[in-house]
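A short write-up of the structure that comes next.
The values are calculated or read from the model by the stated rules, or taken from the named source; none is laboratory data. From a predicted model like this one, the values you see are computed outputs, not experimental measurements. So basically every Cβ, Gly included, is an ideal-geometry build from the backbone, and we count neighbours across all protein chains shown. All accessible areas refer to the heavy atoms of the entire protein, side chains included, with ligands and DNA or RNA removed. Shrake-Rupley method; radii C 1.70, N 1.55, O 1.52, S 1.80 Å.
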Amino acid sequence: MIDYRSDTVTQPDSAMLKAMSKAPLGDDVYGEDPTVNKLEETLAERAGHESALFAPSGTQTNLIALMAHCERGDEYIVGQNAHTYKYEAGGAAVLGSIQPQPIDFEADGTLHLDKVKAAIKADDFHFAKTKLLALENTLAGKVIPQDYIRQARTLAIDNQLMLHLDGARVFNAAVSQDLELHEITGQFNSASICLSKGLGAPVGSVLCGNKAFINKARRIRKMLGGGMRQAGVLAAAGLFALENNVENLRIDHKHAQILADGLGGLDSVKVSHNSAQTNMVFISIPAEKPTDFCEFMKSKNILLSCLGNSIRMVTHRDISPEDIAYTIRHFNSYFG
Ligand SMILES: *Cc1c(COP(=O)(O)O)cnc(C)c1O
């Protein structure tokens, strides 16, 4: 199957599995897993932070961050379609008693800073206390401009807000701009980074921040059931990915561009102009077609997530140039 539904479907390759099988292990709840410790130190340094914490998922590292920054009854400002707001089962509100204040994203994936400013509540006992601004980079495959991040940081500092990055795919953002990771993540008080997306590890996310923040985060991870024991077997996959798979994200981006160019040539397929900044292509197909079309593609071993007539296609390390060419051919044979 050529699976375009997400970059989370990537499988660990044999070299990664070998690194996992050789990793020295210990009990990480006691802080004694050398491989987890190495992953945390390595990624903290690369992200420009003092300290880091390994957790089972990006949903958990985001929730830990929100709970570490905000107390019960505090509020965070977030985008309407942001992962931490829309796709994490309401965890901040349910488990953290943190009120979200969602605002609409602009077309480029930023939150307009005037709207953010207007959403910050005055110190008044009628209101929740606005504590945090959460951004996402990449956001639906879009790269958030560095200039914007600097302005958001200034706004946060001026208004005593913490600034959190959901950086599930921040390595895609870094690679696409030829930046070092810390040039993006170092601007935030905390950053959550996924190893199990395009980087190809089977499991795991890392939360970065200063020492006091990560100490607090460690207690919350335990509370949420995210303390793992010989977790080095998973951290080894993450370390392997950091050493070997980051630069390869460029290939995924190139594939997305080839896909966007190829599909852009078809009359019935509309490619969104924000597509292919990194590893995502957004298309829409004629309204009457989606179910038919997705069944047709499935019969050709091409998996798409079809919810209505808009389709997100994600390129990743398990999709080859031949797969892309094959996919474009089948779009052609259906719509051409
Ligand atoms: C995947 C993802 C996460 C974390 O998801 P998990 O499946 O819980 O690891 C967080 N934010 C964004 C933007 C994501 O794409």
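In the stretch 18-39, which residues are open to solvent by less than 80 Å² (accessible area, probe 1.4 Å), assigned to a helix (DSSP H, G or I) and free of Cβ contacts under 8 Å to residues at least 60 places away in the same chain?
Scanning the stretch 18-39 gives a single hit, Asn37.
Exactly one condition in (1) of a type in the set (A, V, I, L, M); (2) touching a strand residue (DSSP E or B) at 6+ places or on another chain (Cβ under 7 Å); (3) more than 22 Å from Leu181 (Cβ to Cβ) is not met by Val314; state its number.
For Val314, the exception is condition (3).
All but one of (1) closer than 23 Å to Tyr4 by Cα; (2) touching a strand residue (DSSP E or B) at 6+ places or on another chain (Cβ under 8 Å) hold for Lys211; which doesn't?
In the conditions (1) closer than 23 Å to Tyr4 by Cα; (2) touching a strand residue (DSSP E or B) at 6+ places or on another chain (Cβ under 8 Å), Lys211 misses (1) alone.
Could you list, in sequence order, all residues of the stretch 159-192 that are within 11 Å of the ligand (Cβ to nearest atom) and touching a Phe, Trp or Tyr at 6+ places or on another chain (Cβ under 7 Å)?
Listed by number, the list holds a single entry, Leu165.
From the list Ile285, Ile319, exactly one residue is over 27 Å from Ala168 (Cα atoms) and touching a strand residue (DSSP E or B) at 6+ places or on another chain (Cβ under 9 Å). Which is it?
Ile285
Is it true that Thr42 is of a type in the set (Val, Ile, Thr), in a helix (DSSP H, G or I), in contact with a helix residue (DSSP H, G or I) (Cβ under 8 Å, 6 or more places away or on another chain) and surrounded by fewer than 19 Cβ atoms within 10 Å (Cβ to Cβ)?
Here the answer is yes, as Thr42 does meet what is asked.
Out of the residues in the stretch 68-92 meeting the condition of being assigned to a helix (DSSP H, G or I), open to solvent by 40 Å² or more (accessible area, probe 1.4 Å) and under 22 Å from Val206 (Cβ atoms), tell me which one is nearest to the ligand (Cβ to nearest atom).
Kept after step one, since they are assigned to a helix (DSSP H, G or I), are these residues of the stretch 68-92: 68-69, 83-86, 91-92.
Then keep just the ones that are open to solvent by 40 Å² or more (accessible area, probe 1.4 Å); that gives 83, 85-86.
Then keep just the ones that are under 22 Å from Val206 (Cβ atoms); that gives 83, 85.
Numbers: His83: 3, Tyr85: 10 Å.
Selected residue: His83.
Which pairs turn up if I take residues in the stretch 230-241 that are polar (S, T, N, Q) and look for partners that are outside any loop (DSSP other than H, G, I, E, B) with beta carbon separation below 8 Å, at least 6 apart in sequence or on another chain?
From residues that are polar (S, T, N, Q), the pairs are Gln230/Asp28.
So which of Ala107, Ala65, Ala140, Ala55 is out of contact with any Leu (no Cβ under 9 Å at 6 or more places or on another chain) and within 15 Å of the ligand (Cβ to nearest atom)?
On the way: Ala107 fails: within 15 Å of the ligand (Cβ to nearest atom); Ala65 fails: out of contact with any Leu (no Cβ under 9 Å at 6 or more places or on another chain); Ala55 fails: out of contact with any Leu (no Cβ under 9 Å at 6 or more places or on another chain).
Result: Ala140 is the single residue among Ala107, Ala65, Ala140, Ala55 that is out of contact with any Leu (no Cβ under 9 Å at 6 or more places or on another chain) and within 15 Å of the ligand (Cβ to nearest atom).
Look through Asn244, Asn215, Asn279, Asn210 and report the one residue that is among the polar types (S, T, N, Q), within 14 Å of the ligand (Cβ to nearest atom) and either under 19 Å from the mean Cα position of the chain (by Cα) or open to solvent by 20 Å² or more (accessible area, probe 1.4 Å) (or both).
Asn279
Would you pick out the residues in the stretch 193-204 that are away from the ligand (no atom under 11 Å from the Cβ) and out of contact with any Pro (no Cβ under 9 Å at 6 or more places or on another chain)?
Leu199
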